[in-house]
There are 2 protein chains.
Amino acid sequence: MDSRIGIIAGGGELPLLLNEALARKGLSPFLFPVLGSASEGLLSQGKTIDLLHLEEGLAVVHSQGIRRVILAGQVNHSLALGSLPEEVKTLINEGGGGRSAMELFAILKRLFKRFDMEIVPYKDLLPEAFPAPGTLIGMPPCEEMGLDLSLGFKTARRMAELDIGQSVVTKKGLVVAVEALEGTDRMIDRAADLVGPGFSLVKVARPDQDPAFDVPVVGPLTMEKLVRYKAAALGVEGGETLFIDLPGCLEMARRSHITVVAE
Amino acid sequence: MDSRIGIIAGGGELPLLLNEALARKGLSPFLFPVLGSASEGLLSQGKTIDLLHLEEGLAVVHSQGIRRVILAGQVNHSLALGSLPEEVKTLINEGGGGRSAMELFAILKRLFKRFDMEIVPYKDLLPEAFPAPGTLIGMPPCEEMGLDLSLGFKTARRMAELDIGQSVVTKKGLVVAVEALEGTDRMIDRAADLVGPGFSLVKVARPDQDPAFDVPVVGPLTMEKLVRYKAAALGVEGGETLFIDLPGCLEMARRSHITVVAE
């Protein structure tokens with residue numbers, strides 16, 4: 001259990017921020033940027049992995065003595081939509097043909113196991129970044145905000161159940177935007193463009209959330225969007241949502257009078 | 001029952017196209033463009049209605065001898081989100097405070113009734129524009145397209161039940177985009193941007209669809225988007241979806257090898 005942690009790094013800010021958070025804890029992770037998904041800056045910082053040759057990639061990770069990995073960041077949708085590596089296609093067919101996120105995660109897990117590697121939940125490494133239920137910052141929700149948050153939680157949970165997405169935006173009793181493949185940040189842009197300031201963003205876990213995969217994440221970039229667009233509130237799934245830099249995020253919310261609630 | 005038809009005209013292409021379709025049937029409708037919602041071109045073509053003074057507006061319609069109206073086109077969301085006229089606020093409060101589309105429609109219906117006016121379903125006026133179930137044009141769906149359409153119908157029906165939206169885009173077994181407040185056309189842009197050609201658009205009716213309000217509509221602009229982005233298929237609710245220029249839409253689909261299915 002004292003093997004170094006490997007980060008299989010997709011796109012977006014998450015891999016680097018996670019790398020920093022783990023480094024601050026003295027864990028000095030090993031980065032494996034995913035070709036075609038990880039940002040330019042990341043590609044030079046470790047051994048790259050080509051999803052089209054996934055078994056080779058995992059062999060590389062294994063050969064570095066890594067037995068515990070975390071998966072972070074978005075992977076190019078072509079993985080789910082197009083040119084899948086043969087071994088993944090075989091596993092998909094064995095698994096009944098489904099390509100939903102949860103089905104693909106189950107397949108990945110089996111693939112990593114073959115290489116004697118374990119996918120470690122973020123929560124085991126950074127428990128302090130998963131706030132428990134409660135009002136985390138700001139005024140307790142007023143009536144209107146409370147209704148928007150409760151509509152948001154109700155709707156987001158239905159979406160997560162249907163495996164469509166995990167985030168929604170509400171305002172004045174209306175569901176303004178629902179996330180599917182585009183991701184939370186692009187959904188926030190759209191929602192703000194449609195209804196202006198004062199909306200609530202709610203982000204939840206899947207009902208069958210595997211803590212090793214694709215947990216709901218809130219980071220500084222999402223928070224900056226909420227600040228810029230003058231959101232009223234952020235609701236997250238208590239104990240299940242990873243905050244990248246929780247104190248920093250809450251300080252941003254405090255300064256902009258954004259209420260943050262974990263439910 | 002032989003009173004002239006009035007079209008209360010919001011934004012988008014629908015009011016004018018509907019006006020033309022009804023005119024071709026010799027009905028010569030009277031246009032009432034809604035201030036702040038109807039396009040510039042429309043505003044000069046009839047007596048404008050200000051939603052902030054809705055009762056006055058309805059009195060104007062009534063004074064023209066109009067007893068049958070249809071509502072067409074989008075109305076600025078401020079109606080649902082902001083500065084509502086006092087009489088509508090009162091009706092909302094009497095009705096339990098909800099501001100969902102169906103709740104607002106019920107309120108409008110009562111308001112029109114007060115003025116001895118009836119809101120007429122499109123289907124009564126243009127029955128030929130509502131295709132019955134079946135493959136309307138193109139090859140019967142292949143296996144992959146069939147799965148995407150069936151996922152689309154399933155998902156869109158859940159969204160409509162939750163009163164979130166009526167359209168979704170699917171591709172290769174994934175829900176790519178879900179419509180909420182942004183409308184179908186902006187959702188198609190987003191979906192095409194995310195996954196490229198070959199997707200399926202499905203548009204359904206609400207489970208409690210009032211044929212007088214906000215029926216699902218497909219028109220040349222939506223069709224042009226599907227052609228431009230090389231969509232694979234369009235699925236609509238059979239007998240409940242209004243096609244603006246059905247023959248024209250099907251001809252566009254035929255030329256671009258888009259399968260159109262009513263279910």
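The values are calculated or read from the model by the stated rules, or taken from the named source; none is laboratory data. Since the structure is predicted, the reported quantities are computational estimates derived from the model, not experimental observations. With ideal geometry, Cβ positions are generated from the backbone for all residues, glycine too; neighbour counts draw on all protein chains shown.
Couple of notes before you dig in:
- Within region B:139-163, the residues that satisfy the criterion of being without any contact (Cβ under 8 Å) to a residue 12 or more places away in the chain and either assigned to a helix (DSSP H, G or I) or within 13 Å of chain A (Cβ to nearest Cβ) (or both) are B:Glu143, B:Gly146, B:Ser150, B:Lys154, B:Arg158, B:Leu162.
- Filter pass, B:Val195 being among the hydrophobic types (A, V, I, L, M, F, W, C), within 24 Å of A:Arg190 (Cα to Cα) and within 13 Å of chain A (Cβ to nearest Cβ): yes
- A:Gly73 vs. criteria at pLDDT below 90 and under 23 Å from A:Leu246 (Cβ atoms): yes
- A single entry from A:Ile164, A:Ile66 fulfils the requirement of being modelled with pLDDT of 90 or more, assigned by TED's automatic domain parsing to the domain that holds A:Arg190 and surrounded by 15 or more Cβ atoms within 10 Å (Cβ to Cβ): A:Ile164.
- Test: residue in region B:35-44 that is touching a Leu at 6+ places or on another chain (Cβ under 9 Å), surrounded by 21 or more Cβ atoms within 10 Å (Cβ to Cβ) and either hydroxyl-bearing (Ser, Thr, Tyr) or in contact (Cβ under 8 Å) with a residue 60 or more places away in the chain (or both): yes
- So B:Val178, is it of a type in the set (Val, Ile, Thr) and within 14 Å of chain A (Cβ to nearest Cβ): yes
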